[in-house]
Structure formats: C-alpha cells, structure tokens
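The values are calculated or read from the model by the stated rules, or taken from the named source; none is laboratory data. Model, not experiment: these values are computed from the prediction. A quick note on method: Cβ atoms are made from the backbone with ideal geometry, for glycine too, and the neighbour counts reach across all protein chains shown.
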Amino acid sequence: MVVGLAQLMVVLDATVVNIALPSAQADLGFSDGQRQWIITAYSLAFGSLLLLGGRLSDLIGRKRTFIIGLIGFALASALGGAAPTFEVLVATRALQGVFGALLAPTALAVLTTTFTIPKERARAFGVFGAIAGAGGAVGLLLGGILTEWLDWRWNLYINVFIAAFALVGAFLYVPHISRSGPRPKLDVPGTLLISGGLFGLVYGFSNAETDGWDSPFTWGMLAAAAVLIAGFVFWQTQASHPLLPLQIVLDRNRGAAYLSVMIAGAGMFGIFLFVTYYLQLTLNYTPIQTGLAFLPMIAMLVLAAQLGTNIFVPRFGPKVLVPIGMTLGVVAMIWLTLLDATSTYAAHVMPPLMLMGFAMGTIMPASMQTATLGVDRHFAGVASAMVNTSQQVGGSIGTALLNTLAATAMADYLVAHAPVTPEVGVDAALASYATAYWWGAGFFAVGAVLSALLFRRRGQGLSLSHGTSSSGEGSAETDQPSVIAH
C-alpha cells in the first residue's frame, strides 16, 4: 500500500495537472504557447533522470532513497501549489520530475526485493500494475473534482497529503536492505550520456507535438538523442561499474517486457487524450463527468490485474497473457473508431473503455513482474527504472505521433469538405480521433506480435514461480529473502 501510494502520486502528476491548465492559465496569465511547459517540464526531468534515480536507490539504499523522494516530491508540490508566477510553476514542476525520478523506480525496486514468495509477489505486482495503468484515469477524475470544487492549486497540494501517509508507512513498513561487500561507484559518464539522451528523446517528441515533424530542432534533438544513447550503450560495455549492465536489458524475457510496457504506453495515450476530447468537446461533458466516465475502465483494469497476477500469470506466463492483452487493446481501439456525434456513453463509449481496461490490466502487471524478475537485488533499482523509462518514452512517442496524425487528418478533412460549417467541424474532429484510434490499434497489434515472438515459453529462462533466470543471474538473490527489517 505504501509503495502503491507513491506510485499513484507519480502517475497522477502526469495527468492531474492537465485539467487544471485552463484555470492556472487564467490565474497566472501565461500564453497558449507557454502552456505546454507545465507538462513538458515534469516529463523532461522525470524521463531523463529515471535511470540515475534507479541506480541511486541501488547505491544509497531503497528506504533512504524512497523517503528522500517522498519528501522532495511533497515539498516541490507545495511550492508549485503556491506558485505566484508562471516561471515558478514551471520550475517546481521540473523539481517534481526530479524527485519523481527518484521515487518511481525505487517504489518498484522495493516490491522486487521485498516480495520474494511467489504468491505474495504476484499479489503485490497485481496492485502495482493496476495503479500504474489506472493512474492516468484517476488523475483525470481527481483533476476535474479538485479544479471544479476547490481550485487548480489543489491539484498540486493533494500530493502533500498523499506523501504524508506514504511517509509514515515508509518509516514503519519499508524494510532496510543490507549490503554486503564494497559499495560500487556511480557511473558518471554513463549517467551523463543516458540522461542527455533521454532528455533529447523526450524533448524531441514533445517538440514534434507542438512545432511539427518538419521542425529542424525536432530532428536535431532526436539525432542528438540517438548519438548519446548509442554512446551510452558502448560505454556500458567498457565501464567497470556500469549504470545499466546490458545483460539486464538483453535478457530475452526482460527485453520483451520493456518493449511491451513501451508499446502499451504509446497506445494507451490515445485513450486518455482523445476520449477526453471526445467526451468534453463532442458530448459536452464537464471535467468531473469526464473523469467519472473512466471509472468502469479502472474497475476492469483492477479486476484483470488481480486475476492475471494471482491466477493466469503463474499458470501461463507472460507469453500467453501479454499477447492476449495486446489483442484486446487492438479490438478496443477499433471499437472506438465507431464513435460519432450521436453515440451515447452507456451503449457506445463504456464497453470499449472497459475492454481497454481489461487489456491494460492483462499487459502491465505481467510485463512489470517479468521486467524485474531474476535481477540481482543490487541492480533492482536500475532494472525497475527501465520499466518507468519504457513507459515514459512510449508515452512521449504516443503523444507526438498520435497528435500529429490526428491534426493532419483533421486538416485534410476540412480541406476536402470546404466550406467549413459547424457540422463539418464536428465531423473533422471525429475523423481525427478515429485516425488516432486506428494508429493506436496498430501499436497494440505490433505489441501482440512482438510479445508472442519474444517472450519465452513457460519453463524456458525466467520462471515466474521460482524467480530464477536461465543465466543464473541473481538467482541466489531472488531465491532467498534478500531484505532485513529494521
């Protein structure tokens, strides 16, 4: 529960502020062009520092890093809520991202090293995966309620209360991990290379969303990111204390898990953004009504996560579960393309949302559990950080690609159906949403094929019931309890 609260806080902040933006803009008086920085500042700091945050949790201890992350995130949120100017708000959002990058991988690493008994591990990852998948929808609901009933600033202040509960629980229940042998050093060159590379990647896709794919700056940032990430991979083969030992990523099961999380994150973006647009702009829902509309999806996600991790993953493994989840995502996305201006929520919107919730609840816990299974506990933090990095990169790619494709489809529709009337405008918006859903379906289809091909069969390599790897990597660490309580 403690780890779940921390994860919820981090995931919430990626979406909860979105609904508050119009109110914050009216209050602080910043322009439409500046508005994106409220979101981008958080995602840039968070995405580029995740691997560093994960490695720091390995080096200075999970409990200590977790507590530092909680306190820092709460303070940054309080400062953001009280921000008197746009510049202060952007700075505090970046600070939230910095501490979020400490908190998110540490939370997952705590689960990885604490729950070593298969049944308990499955239950813990079921809850964590459900929170990771549902956090965006919860953020939309909470953002609507706080903005409509209180004030936009409470979208930031709420983190202080969540962090306070999590902090008490952390002191009481998060175990202290003992370290044997000499303390390894931080890989500074590797940290600089990957942090710069991830910054360029997230910034490049964010810039593509606002300035378009024909922007030289967009391609310059993406090219720089490619060079830095390639340099990081080469350096990891040479470093005496690598930030990310490549065998963690190159293991076939873990690599498949990271890819699955990234593809699901990219496809999932289409649901939250474009269904939100559809509900508010086409069906004229209020922010609170929009948030409530996602509740059935959350319920199905939680149900699927619990069924999957407690019953199906131990029996069938991710090779069966993840492709099934991806396929359900394809069906849900295609179903959403049928929405039009006369569609009703109960008959036309809720069923595909529920199916998508079940899909994400099938994909995320199985992938997250596999992504950290069999890793030496001394590298559990950075392995966990790769999960969050995959999700963040997937979300950034999905944001840029789907927004660009939807905007292009809308512009083409308006040109083809001139002169523009209100009815044509509505139809153009619907055409843009449908385009995004079709491409989202394509993401999930690719994910279904890759996960079916890459994940090993049960009994090959990583075992979800015994916590060992085919290479023996970390098997001594995961077969035996590796934590000592205070």
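Within the range 282-291, track down each residue that is at pLDDT 85 or above and of a type in the set (A, V, I, L, M).
Of everything in the range 282-291, just one residue is at pLDDT 85 or above and of a type in the set (A, V, I, L, M), namely LEU283.
How do the helices (runs of 4 or more DSSP H) wholly within the range 212-324 filter down when requiring 1 or more residues that are of a type in the set (S, T, N, Q): which remain?
Details: elements: 216-236, 246-250, 252-277, 287-293, 295-307, 313-316.
By residue number, 216-236, 246-250, 252-277, 287-293, 295-307.
Based on what the data block shows, is ALA485 in the same structural domain as PRO323 (by TED's automatic domain parsing), small (Gly, Ala, Ser) and at pLDDT below 90? If you could, list the steps in order and put the result at the bottom.
Details: in the same structural domain as PRO323 (by TED's automatic domain parsing): no; small (Gly, Ala, Ser): yes; at pLDDT below 90: yes.
The answer is no for ALA485.
For PHE234, only one of the following conditions fails: (1) under 30 Å from ARG457 (Cα atoms); (2) over 23 Å from the mean Cα position of the chain (by Cα). What is its number?
So PHE234 meets the others, but not (1).
Look at LEU273 and say whether it is crowded, with 19+ Cβ neighbours inside 10 Å and either more than 19 Å from the chain's Cα centre (by Cα) or not assigned by TED's automatic domain parsing to the domain that holds ALA452 (or both). Let's see the steps before the verdict.
Working: crowded, with 19+ Cβ neighbours inside 10 Å: yes; either more than 19 Å from the chain's Cα centre (by Cα) or not assigned by TED's automatic domain parsing to the domain that holds ALA452 (or both): no.
Criteria not met by LEU273.
Residues to consider are GLY361, GLY394, GLY467; find the one that is at pLDDT below 80 and either touching a helix residue (DSSP H, G or I) at 6+ places or on another chain (Cβ under 8 Å) or not charged (D, E, K, R) (or both).
Details: GLY361 fails: at pLDDT below 80; GLY394 fails: at pLDDT below 80.
The unique qualifying residue is GLY467.
Please verify whether the range 242-249 includes one or more residues that are without any contact (Cβ under 8 Å) to a residue 60 or more places away in the chain, surrounded by 20 or more Cβ atoms within 10 Å (Cβ to Cβ) and out of contact with any strand residue (DSSP E or B) (no Cβ under 7 Å at 6 or more places or on another chain). Please lay out each step first, then the result.
Quick first cut of the range 242-249, residues without any contact (Cβ under 8 Å) to a residue 60 or more places away in the chain only: 242, 246.
With surrounded by 20 or more Cβ atoms within 10 Å (Cβ to Cβ) added as a condition, the list becomes 242.
From what's left, out of contact with any strand residue (DSSP E or B) (no Cβ under 7 Å at 6 or more places or on another chain): 242.
Yes: the range 242-249 contains one or more residues that are without any contact (Cβ under 8 Å) to a residue 60 or more places away in the chain, surrounded by 20 or more Cβ atoms within 10 Å (Cβ to Cβ) and out of contact with any strand residue (DSSP E or B) (no Cβ under 7 Å at 6 or more places or on another chain).
Would you check if GLY357 is under 19 Å from PHE294 (Cβ atoms), of a type outside the set (Lys, Arg) and surrounded by 21 or more Cβ atoms within 10 Å (Cβ to Cβ)?
Here the answer is yes, as GLY357 does meet what is asked.
Return the residues of the range 358-382 that are in a helix (DSSP H, G or I) and of a type in the set (Gly, Ala, Ser); say none if nothing qualifies.
Kept after step one, since they are in a helix (DSSP H, G or I), are these residues of the range 358-382: 358-371, 377-382.
Passing the criteria: ALA359, GLY361, ALA366, SER367, ALA371, ALA380, GLY381.
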